[in-house]
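**Student:** To start, I am sharing the structure in question, which I have written as structure tokens.
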């Protein structure tokens, strides 16, 4: 892969290429966000942030997005998004596949079948995860701790492997997004969350390591670390912790899932073509205090 710097330097020089028929014109900004004809795979996409990510990819023009989750049949939230996608009339397809992300071989096979059908796989979002909280770090049972790591860490690795293998297979550039959390870099005050925090911290190093290895293959790997988001997974804790969580960032509130749309669209698209090995923090400023 060439390491040379493109000839145009500066905005004026880049714009000047549009008048030179021998140089491919620079894309306009919004064109860089388009995912026209691309194919995505998103885990944990029966609901919540995973489903939000799947919708983002389709709204950006993806041909098909495959939603991987544990239930044998998709829920009402997924069905509502599916119907909305049909009404968009873009021709994009929202597909559902029931699969346990902790089964490495099965995840590889799922991605293989998608590749066989679509002839490509361009974007992977590993969003499946569970929140095991409420037990002292000194008393946490081994089996529950292992379960947290198996889903939140191993499952993310198997997803990234499955997607990356297809990107290499077709020789196309790709983007893999691992859903981490601010819990991977800071302790969540007042919340006993040892397995969750440990698993999310592991994803940060996983993302950096995979980015270094896959960069020469034109595959970018980044992590996304949201702050507190009002999702169904956090709903049981909202009544007890909402005032505290809202006060712990400069914006004075927690996020809604749709506030992750912009960064997901950016990471998935060519607009972030020089971003890899990074952790993108979207937490309302929680880290600043």
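**Student:** Does any residue of the stretch 228-240 turn out to be touching a strand residue (DSSP E or B) at 6+ places or on another chain (Cβ under 8 Å), at pLDDT 95 or above, in a strand (DSSP E or B) and under 24 Å from residue 42 (Cα atoms)?
**Tutor:** No, the stretch 228-240 contains no residue that is touching a strand residue (DSSP E or B) at 6+ places or on another chain (Cβ under 8 Å), at pLDDT 95 or above, in a strand (DSSP E or B) and under 24 Å from residue 42 (Cα atoms).
**Student:** Residue 37 passes all but one of (1) within 23 Å of residue 98 (Cβ to Cβ); (2) assigned to a loop (DSSP other than H, G, I, E, B); which number fails?
**Tutor:** Condition (1) is where residue 37 drops out.
**Student:** Among the residues of the stretch 79-97, is there at least one that is outside any helix (DSSP H, G or I), within 16 Å of the chain's Cα centre (by Cα) and at pLDDT 95 or above? If you could, list the steps in order and put the result at the bottom.
**Tutor:** Here is the first cut: in the stretch 79-97, the ones outside any helix (DSSP H, G or I) are 89-97.
Next cut, within 16 Å of the chain's Cα centre (by Cα) only: none.
Within the stretch 79-97, not a single residue is outside any helix (DSSP H, G or I), within 16 Å of the chain's Cα centre (by Cα) and at pLDDT 95 or above.
**Student:** Do you know which of the residues in the stretch 100-137 that are in a loop (DSSP other than H, G, I, E, B) and buried (at least 23 other Cβ atoms within 10 Å of the Cβ) is modelled with the lowest pLDDT?
**Tutor:** Looking at residues that are in a loop (DSSP other than H, G, I, E, B) and buried (at least 23 other Cβ atoms within 10 Å of the Cβ), I get 129.
**Student:** Moving to a separate point now. Identify the residue in the stretch 70-99 that is touching a helix residue (DSSP H, G or I) at 6+ places or on another chain (Cβ under 7 Å) and closer than 16 Å to residue 48 by Cβ and, among all such residues, is surrounded by the fewest Cβ atoms within 10 Å (Cβ to Cβ).
**Tutor:** So the residue we want is 77.
**Student:** Being under 14 Å from residue 38 (Cα atoms) and touching a strand residue (DSSP E or B) at 6+ places or on another chain (Cβ under 6 Å) is the filter here, so list the residues in the stretch 96-144 that pass it.
**Tutor:** Within the stretch 96-144, 114, 118, 120, 121, 122, 123, 124, 125 qualify.
**Student:** Looking at the stretch 59-76, I want the residues that are on the phi > 0 side of the Ramachandran plot and free of Cβ contacts under 8 Å to residues at least 60 places away in the same chain and have a partner that is surrounded by 16 or more Cβ atoms within 10 Å (Cβ to Cβ) and assigned to a loop (DSSP other than H, G, I, E, B) with Cβ atoms under 6 Å, at least 6 apart or on another chain. Which pairs are those?
**Tutor:** 61/34; 61/35
**Student:** Same structure, new question: (1) surrounded by fewer than 16 Cβ atoms within 10 Å (Cβ to Cβ); (2) touching a helix residue (DSSP H, G or I) at 6+ places or on another chain (Cβ under 8 Å); (3) part of a helix (DSSP H, G or I): which one isn't true of residue 252, the others all being true?
**Tutor:** (3)
The values are calculated or read from the model by the stated rules, or taken from the named source; none is laboratory data. All values derive from a computational prediction rather than experimental measurement. Cβ atoms come from the backbone with ideal geometry, glycine included; neighbour counts cover every protein chain shown.
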